[in-house]
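Only one structure is covered here, and it is reproduced in the block below.
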Amino acid sequence: MPLIHILALMQAAVSSSTAVIRINQLGYIPDAPKVAVFCSLAPTEIREFVVTDSLGNKILQRPASLAKPFGPCLTNYRLDFSTIRTAGAYHVTAGGATSPTIRIRTNAYAGAADTLLYYMREQRSGFNPLFKTVLHMRDGIVVDDSSRADKFVPVTGGWADASDYLQYVMTSANATFVMLMAYRDHPASFADHFDSRGLPESNGVPDVLDEARHGLEWLVRMFPSDSEMYNQLGDDRDHTYWDLPTTDSADYGWGKGKERPVYPCTGKPQGLFKYKNRSNGLASTAGKYASAFALAAAIYRKSDPIFAAKLHQKALSAYAVGKKSPGVCQGAPGRAPYYYEEDNWADDMELAAAELYALTHDRGYLRDALDYASHEPVTPWMGADTAKHYQWYPWHNNGHYAIWRNANAADRKILAAYYRKGLAAVVSRADNGFRIGIPFIWCSNNLMASFATQAYLYRRMTGDGQFREYEQAALDWLFGANPWGVSMVIGLPHDGVFAHDPHSVVAKEMHVELTGALLDGPVYSSIYKNLLGISLHDPDEYAPFNGGFIVYHDDVGDYSTNEPIMDGTANLTYLLAAMAGPPLATRK
Ligand SMILES: [Ca+2]
Ligand SMILES: [Ca+2]
């Protein structure tokens, strides 16, 4: 036997124990690109792959397409079975590895966006349907503002941001906006099984609107008058204790479990202790309030005209605040150096102006929107290696699409070109086997969802399918086509592989699954190694796949990759609602 064949056999022996085939476990719609990814931890070579149906019949045999290595996968092949369009269950086999069951179904995404809402309900402050009691009812007392400090403002409500109980307008207003947008564009993708309190009883309102309204009512409390714009509830002193929201013993100086601090936007750097943020205006927060209120005013105009009129007025006021005070209102740090370091605000004002134009037909808002859009055509993380924590937020700019909906043909071309430029910048970094070009900073799953959403919006605006493969790859990544083979949404699909040990005291202490939660997702190994107070509590079941430049751990101790995130979960509602709708006609 020639030596080269012996070597090939030896390599095959190595790869048989370390080769896997990763797929989207939620499934593929019949007209979507369908690519399984072969990943081997050792160098190996395969030539072809086979697809079998549920009866074990071979229905496709094709050459495997070699791709660049990625992370722990020293050998990557793309196994393209897009030609299979018949609904059914399949398996892909190659190089001694077999995929999990692959589903091809017209309704593969039916109900998926509603599944995300389970986690949103679980995160509610105020009345919480899991605990069946009111959480954090003493919120809160104004701090860090000489003219209003020590004043009590009634701001109970909204959502806990992640597995701590901090609350931010920045993330909550964006979450509210995206859920409203998902409903506006894809109403048929949402059902009604829960009431306004989040309890399991239909109330004649789509559950996504019940959830958005829970957010809106908190936002209204956080912006009680034109001169009072609040931004944050609680701070990282919350992290002192690892306890349930019902027994939260965080002490902000008013006693354990008592009032929590409310931070206003002041236009100046904030931080009560050693660390300060770099706030220099109000527009980033004002724009987010205005866009959520403006879109909600349009949606509720018929069903609740009184609420809609209030939201309309608040949208105008918030927008005026942002125009008067350009700049950012960042998260306020407490004892730790981590905070939301949002550095862009033109995107927020653009979206607000676009939604105000849609609401009022006042062309001044359209001019403003186009002007703000020209300030930041591309969300700056796109094409970059790294970024500060939530530096460019929201992760994609819904403003370009919001303007496009009501713009003339010439402006539509410009707006589509903005999206195209950002997508191309990410794609230029994505020549690996997983077709992934995002930077693996903290909350990478948010970037993945946003890249796919922007690609979908671009496709919807133009019919141009040039990024279709990458859009699908990002969606596939979130549902298991990643080195670890893990769905990044807990319980979706329920018979798939997903996190069972998330960084959450509710999950840990109450043995709650946290269905629907999107996790932070993998980060650069260098980030993981440098975070404070992080360590795994159990042996790492994914250790063989954590030897590359990115890591993911299903471990309660890893708050960097395995913590569920409220804003990311809400951000994904749009994409999953879109995938559940009728397919777009796309040209190559
Ligand atoms: Ca409902
Ligand atoms: Ca921004």
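The values are calculated or read from the model by the stated rules, or taken from the named source; none is laboratory data. The shown structure was predicted, so the numbers you read here are calculated from the model rather than taken from an experiment. Counting neighbours? That spans all protein chains shown, and the Cβs are built from the backbone with ideal geometry, glycine included.
Key figures
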quantity: Filter result for the condition that a residue is within 16 Å of ligand 1 (Cβ to nearest atom), touching a helix residue (DSSP H, G or I) at 6+ places or on another chain (Cβ under 7 Å) and either part of a loop (DSSP other than H, G, I, E, B) or within 15 Å of residue 230 (Cα to Cα) (or both), over 202, 196; calculated: 196
quantity: Total residues in the range 105-130, condition among the β-branched types (Val, Ile, Thr) and within 20 Å of residue 564 (Cα to Cα); calculated: 1
quantity: Top-ranked residue in the range 293-337 [being surrounded by fewer than 17 Cβ atoms within 10 Å (Cβ to Cβ) and touching an Asp or Glu at 6+ places or on another chain (Cβ under 7 Å); ranked as modelled with the lowest pLDDT]; calculated: 336
quantity: Residue ID - nearest to residue 25 (Cα to Cα), chosen from residues in the range 92-147 that are modelled with pLDDT of 95 or more and of a type in the set (Asp, Glu); calculated: 114
quantity: Output for the range 30-51, where each listed residue is hydrophobic (A, V, I, L, M, F, W, C), outside any strand (DSSP E or B) and out of contact with any helix residue (DSSP H, G or I) (no Cβ under 7 Å at 6 or more places or on another chain); calculated: 46
quantity: Selection from the range 315-335 of residues that are more than 17 Å from residue 354 (Cβ to Cβ) and of a type in the set (Lys, Arg); calculated: 324, 335
quantity: Close pairs (8 angstrom Cβ cut-off, 6 or more residues apart or separate chains): over 24 Å from residue 534 (Cα atoms) and away from ligand 2 (no atom under 14 Å from the Cβ) in the range 317-342, assigned to a loop (DSSP other than H, G, I, E, B) and modelled with pLDDT under 95 anywhere; calculated: 317/226; 320/226; 321/226
quantity: Subset of the range 225-253 [of a type in the set (Phe, Trp, Tyr) and touching a strand residue (DSSP E or B) at 6+ places or on another chain (Cβ under 7 Å)]; calculated: 230, 252
quantity: Residue match in the range 264-279 (condition: polar (S, T, N, Q), assigned to a helix (DSSP H, G or I) and within 27 Å of the chain's Cα centre (by Cα)); calculated: no
quantity: Residue that is farthest from residue 173 (Cα to Cα), among those in the range 397-431 that are basic (Lys, Arg) and part of a helix (DSSP H, G or I); calculated: 413
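Residue by residue, here is whether (1) buried (at least 17 other Cβ atoms within 10 Å of the Cβ); (2) within 16 Å of ligand 2 (Cβ to nearest atom) holds:
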| site | (1), (2) |
| --- | --- |
| 207 | yes, no |
| 210 | yes, no |
| 224 | no, no |
| 232 | yes, yes |
| 239 | yes, no |
| 246 | no, no |
| 255 | no, no |
| 265 | yes, yes |
